[in-house]
Each structure stands twice: as C-alpha cells, then as structure tokens.
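All remarks here apply to the structure that follows.
The values are calculated or read from the model by the stated rules, or taken from the named source; none is laboratory data. These numbers were taken from a predicted model, which means no experiment stands behind them. Backbone-built Cβ (ideal geometry, glycine too); neighbour counts: all protein chains shown.
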Amino acid sequence: MKTFIQNLPKAELHLHIEGSFEPELMFEIAQRNQIDIPYNSVEEVRDAYKFDCLQDFLDIYYQGASVLIKEQDFYDLTYSYLKKCAAQNVRHTEIMFDPQTHTERGVAFETVINGIHRAIVDAKENLSVTALLIMSYLRHLGEADAFKTLEQSLPFKDKIAAVGLDSSEKGNPPSKFINVFKASEEAGYIPVAHAGEEGPAEYVWEALDLLNIQRIDHGNNALEDKNLVADIVSRDIALTVCPLSNSALQVVEDLKQHPLKKMLAAGLKVTINSDDPAYFGGQVNANYEAIQTALNLDKATLYELAKNSFQYSFLNQTIKSKYLKELDAYYALESGN
Ligand code: ADE
Ligand code: ZN
C-alpha cells in the first residue's frame, strides 16, 4: 500500500505554507535574519509540537512564522514544500498563505506574494508541479483587518485564485465575515473557509449560506447535522480532510475513530491533505498512509480520494482532465482493469 500511495498521482487542496515550515529551515532563516528563536535545537522544536487544541498549535505556528522577513525567505519556504510535492507525486497543490501573519509584523504584502509566486513559477518549470494560491483571512483579527488585506491583494490578484478563512474558529463564526467575502468574490476570488474543525455544524451552514464557499476545509462537525450533510452532497461541495492534523489537535481521539468512512458513505466528496505538515507529523502521503492503516482502506477508496482531489481542485477543465487521465491510467495498471 505504501508504494501504491507513493506513486498515486494526487493533488493537495489544504496546505498552509506557514505550516510547512520545517524546523531545519526555520533555524537557517532565523540565523541569516539574525532573529532569536526560543529553541536550541531541531529536537527541542519538535518536542514543543504537542497540542491540546487548535489554539495551542496556532500560538506556536505564528511564532515560527515570525522569522520570515525577506522575499527570499518566502521563496525558500514555498520551494522547499513544492520539492516535497514532486517527491510524493503530488501533481497539483492549492496553497494557503496568511498575509496578516506577516503584514502585522511590518512585512509588506508584496514581499510575501512575490516570494511565494516566484517559487510557484519555478516549480512548474523545474518540478512539473502546478500550484494555485488561496489567500486566507485570520478570523481572530476580525473583518475590518481582512478588508485591509483584500485591498492590499488587489494589485496582485492575477496571482491569487481564492480566499479562505482560518485561525481560531470558536467564537469567530463565518457570519462575522459576510461583507469581506462578498467583496472578495466580486474581486474574482473563489471563496473557501475552515468550518466545523472545532466549531459546530452551525458554522458550516453559515459558511455555505452566508459566505457562499465552494469547498469546506475540514468540515468534520458537519456530521452532527444530517440535513447539513444532505445539503453539502446536493451542492456537490468537497471537504478537505486532514487526518494527522485532526489527530494532533485532538479533533479526533484516535485515527481509528476518524469519521472518513462515514463521510464517504454519506456521499460526501472527501480529499486527503496535510494542513500543517511540519507541525502534525507528516506530509500528504503520510496522511494517506495513516488513514489507510487506521481504517483499513482499500485501493479503490484511495483512488476515489485522489480522484476527488483533482475533481474538486480549482484547476480549469483542460488541466483537470489531463491529471484525471494520468490517475486513471495509473489505477488501471495497478488494479489490473
Ligand atoms: N491555520 C493553520 N492551520 C490551521 C487549522 N488547522 N485550522 C485553523 N487555522 C489554521
Ligand atoms: Zn487548515
């Protein structure tokens, strides 16, 4: 199964670039920018990555991102992740970035976007990996701040496909962001949002009805409400599920209790993703492997998950079909069809 997963062509649809920041690169960039970090070794950093909930993780995640200052830092961070994509047969990725994590510290929006974008251009050329960008608003900073970010993004909007909503979910429902999502959509961005990770099913309803989201990040708690599940199925909207993240942030007690099979049985379109791989113990293939082992998934299910990842990407139909053909050829060979 490990080899089947390794060679399976796939897309990743839920990945925070700041969450791909491996401790080794963090040390290197901290050193060249002469920034002190509160750790003496890579082992110490990894030891600190033990979380009871989303907020525990977010505090450490924002601290890690604070060493990113120059355009080259954002380039190195992004290119390092894209190399991992190529090594895992991730053919396409939709990368979230949190501009406010950086602009709040005085780093210019253009420094962030230009570094990330340049890495994406180079990866397409050198690694044959395609990528789109999702600009995520930090929900704990509120709507006015998100509006400022939207304004800053407009000169670069040809480089950004979608907008997202992340950070502390509880107490920050989608209803606080109706106006900025409406304006973002008018600017041409596709709306998505984290919903139902720690928050209730009600937040997923809000994200669908009030923000018009076209994909649900996580969505685990949607299962609390049968009518909601039926609604998501009828809208044909996918969930970007992140098994190792769910386990690390105690969204699920144990991966064996993960609701992925229930989701699929209910007709939900599920994809597998790593969320913040540097913090949660594995890249996307490790997520496929962990959930396959925990739930004893067969090859047909893994194929379905990979197929969803291309099908529910925001790629245009031509490139989507190209990747789907590649996947089908692989699966036909592997399953002897
Ligand atoms: N930012 C980075 N990872 C996140 C997650 N899993 N949930 C909410 N915000 C995040
Ligand atoms: Zn996330």
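Filtering 75, 49, 79 for residues that are within 16 Å of ligand 2 (Cβ to nearest atom) and among the aromatic types (Phe, Trp, Tyr) leaves a single hit, 49. Could you please find all residues in the range 282-303 being assigned to a loop (DSSP other than H, G, I, E, B) and either without any contact (Cβ under 8 Å) to a residue 60 or more places away in the chain or charged (D, E, K, R) (or both)? Passing the criteria: 282, 296, 297, 298.
Can we say residue 183 is at pLDDT 95 or above, within 14 Å of ligand 1 (Cβ to nearest atom) and either farther than 17 Å from residue 238 by Cβ or outside any strand (DSSP E or B) (or both)?
no
The residue list 78, 111, 149 contains one member that is away from ligand 1 (no atom under 16 Å from the Cβ) and touching a residue at least 24 places away in the same chain (Cβ under 8 Å), which is 111. Hey, among 329, 278, 290, 230, which residue is closer than 26 Å to residue 124 by Cα and in contact with a Gly (Cβ under 9 Å, 6 or more places away or on another chain)? Only one candidate passes the filter, namely 278. Among the residues of the range 91-149, those that are of a type outside the set (S, T, N, Q), in contact with a Gly (Cβ under 9 Å, 6 or more places away or on another chain) and assigned to a strand (DSSP E or B) comprise 96, 134, 135, 137.
What are the residues in the range 105-124 that are out of contact with any Phe, Trp or Tyr (no Cβ under 6 Å at 6 or more places or on another chain) and closer than 14 Å to residue 150 by Cα, if any? Lay out the reasoning, then the answer.
Start the filter on the range 105-124 by keeping residues that are out of contact with any Phe, Trp or Tyr (no Cβ under 6 Å at 6 or more places or on another chain), which leaves 105-111, 114, 117, 120-124.
Passing the criteria: 108, 109, 110.
For the range 186-198, name all the residues that are buried (at least 18 other Cβ atoms within 10 Å of the Cβ), part of a loop (DSSP other than H, G, I, E, B) and either more than 16 Å from ligand 2 (Cβ to nearest atom) or in contact (Cβ under 8 Å) with a residue 40 or more places away in the chain (or both). Show your work before the answer.
Filtering the range 186-198 for residues buried (at least 18 other Cβ atoms within 10 Å of the Cβ) gives 189-198.
Adding the requirement that they be part of a loop (DSSP other than H, G, I, E, B) leaves 189, 192, 196-198.
Matches in the range 186-198: 189, 192, 197, 198.
Which of the numbered conditions does residue 288 fail, given that it passes all the others? Conditions: (1) farther than 30 Å from residue 47 by Cβ; (2) in contact with a strand residue (DSSP E or B) (Cβ under 6 Å, 6 or more places away or on another chain); (3) away from ligand 2 (no atom under 16 Å from the Cβ). Here residue 288 meets the rest and fails (1).
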